[in-house]
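Since the structure comes first, as structure tokens, the remarks are kept for the end.
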Amino acid sequence: MNIQGKNLKLMVVDDVDDICEFMQLYFTRRGFTVFTAGSAEDALPIIKERSPDIMLLDVNLPKMNGIDMLKLVRKFNDKVKVIMVTGYDVEFQKDPEFQKLNVFDVMRKPVTPEALDSNMERLLK
């Protein structure tokens with residue numbers, strides 16, 4: 001699979017620097033403009049200013065988790081397509097509050113390039 005970002009803006013929010021660096025390199029090579037942040041507090045102003053098309057959002061962030069962050073994002077941006085990323089069991093998906101957040105998909109860590117391509121291809125259709 002060879003996905004192309006066609007100048008789409010992608011926001012990666014993950015508290016693991018190596019993951020942010022990998023995602024930035026991986027998606028920049030595919031034509032995306034990539035922004036990264038290690039926390040919800042760092043990500044929110046970038047999202048407000050840059051209006052990304054897609055967001056890869058870690059569930060387990062320091063201080064404010066990804067789900068609470070997404071609730072804030074949805075107050076000012078209901079268009080960004082979101083893929084949640086987690087290393088934990090995904091029971092929160094069944095929560096009605098979570099379902100209201102319009103999440104495209106949930107990926108389990110470790111995320112493979114094949115899984116990224118597959119999800120991104122489905123999301124871009």
- Task: Could you tell me which residue of the stretch 66-92 is surrounded by the most Cβ atoms within 10 Å (Cβ to Cβ), considering only residues that are of a type in the set (Phe, Trp, Tyr) and in contact with a strand residue (DSSP E or B) (Cβ under 9 Å, 6 or more places away or on another chain)?
- Result: 92
- Within the stretch 13-20, is there a residue that is surrounded by 17 or more Cβ atoms within 10 Å (Cβ to Cβ), touching a Pro at 6+ places or on another chain (Cβ under 8 Å) and either modelled with pLDDT of 95 or more or of a type in the set (Phe, Trp, Tyr) (or both)? yes
- Task: Taking residue 59 as meeting all but one of (1) surrounded by 13 or more Cβ atoms within 10 Å (Cβ to Cβ); (2) closer than 13 Å to residue 11 by Cα, write down the number of the exception.
- Result: (2)
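Restricting to the stretch 93-116, count the residues that are more than 13 Å from residue 54 (Cα to Cα) and in contact with a strand residue (DSSP E or B) (Cβ under 8 Å, 6 or more places away or on another chain). Spell out how you get there, then give the answer.
The first filter runs over the stretch 93-116 and keeps only residues more than 13 Å from residue 54 (Cα to Cα), leaving 93-101, 106-115.
Among the residues that remain, those that are also in contact with a strand residue (DSSP E or B) (Cβ under 8 Å, 6 or more places away or on another chain) are: 93, 101, 106-109, 111, 115.
Residues that pass the stated criteria total 8.
Check the stretch 41-52 and report whether any residue there is among the hydroxyl-bearing types (Ser, Thr, Tyr), surrounded by 13 or more Cβ atoms within 10 Å (Cβ to Cβ) and either touching a His at 6+ places or on another chain (Cβ under 9 Å) or in contact (Cβ under 8 Å) with a residue 60 or more places away in the chain (or both).
First, the residues of the stretch 41-52 that are among the hydroxyl-bearing types (Ser, Thr, Tyr): 51.
Filter again for surrounded by 13 or more Cβ atoms within 10 Å (Cβ to Cβ), leaving 51.
From what is left, the residues that are either touching a His at 6+ places or on another chain (Cβ under 9 Å) or in contact (Cβ under 8 Å) with a residue 60 or more places away in the chain (or both) are none.
Scanning the stretch 41-52 turns up no residue that is among the hydroxyl-bearing types (Ser, Thr, Tyr), surrounded by 13 or more Cβ atoms within 10 Å (Cβ to Cβ) and either touching a His at 6+ places or on another chain (Cβ under 9 Å) or in contact (Cβ under 8 Å) with a residue 60 or more places away in the chain (or both).
Here is a list: 69, 55, 64, 84. Which entry is touching a Gly at 6+ places or on another chain (Cβ under 7 Å) and without any contact (Cβ under 8 Å) to a residue 60 or more places away in the chain? Lay out the reasoning, then the answer.
Values: 69 fails: touching a Gly at 6+ places or on another chain (Cβ under 7 Å); 55 fails: touching a Gly at 6+ places or on another chain (Cβ under 7 Å); 64 fails: touching a Gly at 6+ places or on another chain (Cβ under 7 Å).
Step by step, each of 69, 55, 64, 84 is checked, and only 84 is touching a Gly at 6+ places or on another chain (Cβ under 7 Å) and without any contact (Cβ under 8 Å) to a residue 60 or more places away in the chain.
The values are calculated or read from the model by the stated rules, or taken from the named source; none is laboratory data. Owing to the predicted nature of the structure, the values given are computational and were not obtained by experimental measurement. With ideal geometry, Cβ positions are generated from the backbone for all residues, glycine too; neighbour counts draw on all protein chains shown.
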